[in-house]
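See below for the structure under consideration.
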Amino acid sequence: MSHFDYNALEYNVATRSGVSPSLLAGMFPADRKAWDNDPQFLGWPAHLQRLHAAISEGSARLVGGLEAILDEPEGSVQEMMGLTGMNRLGLDLVSHVHGHHSFEDANVLPGFLGRFPQLARAIDLLENDHEFLDQALDQSEGAFVVLRNEGASKTDVARALEQAKVLNKIINRHTYDEEDILIPAVLKAYA
Ligand SMILES: [Fe+2]
Ligand SMILES: [Fe+2]
């Protein structure tokens, strides 16, 4: 395990602007424009991107759905249906992302570390991200679960929306950077 201050702005998933070999020694450069033309990309890398796209899409839909509910008249049928849908979508998203990270922590990241020891620092960052995201997911679960109650107020919806926006931002940052760290290693290994 390498040591860096994960809470520093340039590392923390909520504040950093990306990852690169200059930030994380040992990381392979990510040339996203070349990925589409790489025959190796169609295997596991494309699968990882599809999984991430599904997570990001669900997270964006949650933000849009909660914004729409805020515009519905209080106590209306539309509001009630929206609350039911977003309660389910939000809790499904939380459990889906928890499952995705658990699998990565138990299988994917140890596998990469064994095959690419030079990625130790980058993988440490991803593991820190997962811990940070776990806390955000727990907070989100609390905000989304109250949407099921018939008495959910506009304040509850606004709180869930704020939480969904935070989650969307850090999910997108983490999944993009995770691809930048893992995919170039695979493409290089099998080139
Ligand atoms: Fe991850
Ligand atoms: Fe992932």
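Of note:
- Lone qualifier among 106, 46, 53, 120 - being under 29 Å from residue 189 (Cβ atoms) and in contact (Cβ under 8 Å) with a residue 60 or more places away in the chain: 120
- When residue 107 is tested against (1) at pLDDT below 95; (2) in a helix (DSSP H, G or I); (3) loosely packed, with under 13 Cβ neighbours inside 10 Å, exactly one condition is not met: (1).
- Residue list for the stretch 56-78, restricted to those being surrounded by fewer than 16 Cβ atoms within 10 Å (Cβ to Cβ), in contact (Cβ under 8 Å) with a residue 12 or more places away in the chain, out of contact with any Lys or Arg (no Cβ under 7 Å at 6 or more places or on another chain) and more than 19 Å from residue 170 (Cβ to Cβ): 68
- Test: residue in the stretch 83-94 that is in contact with a helix residue (DSSP H, G or I) (Cβ under 9 Å, 6 or more places away or on another chain) and under 30 Å from residue 39 (Cβ atoms): no
- Which listed residue is in contact (Cβ under 8 Å) with a residue 40 or more places away in the chain and in a helix (DSSP H, G or I), from 137, 113: 137
- You will find that of 88, 61, 50, the residue that is in a helix (DSSP H, G or I), out of contact with any Gly (no Cβ under 9 Å at 6 or more places or on another chain), within 16 Å of ligand 2 (Cβ to nearest atom) and charged (D, E, K, R) is 50 and no other.
- Meets criteria (surrounded by 14 or more Cβ atoms within 10 Å (Cβ to Cβ), β-branched (Val, Ile, Thr), touching a Leu at 6+ places or on another chain (Cβ under 8 Å) and farther than 14 Å from residue 164 by Cβ) for residue 123: yes
- Whether a residue is more than 16 Å from ligand 1 (Cβ to nearest atom), over 16 Å from the mean Cα position of the chain (by Cα), in a helix (DSSP H, G or I) and exposed (fewer than 14 other Cβ atoms within 10 Å of the Cβ) was assessed, and residue 81 passes this test.
The values are calculated or read from the model by the stated rules, or taken from the named source; none is laboratory data. All figures in this text were calculated on a predicted structure; none of them were measured in a lab. Note that we place each Cβ from the backbone using ideal geometry, even for glycine, and neighbour counts take in every protein chain shown.
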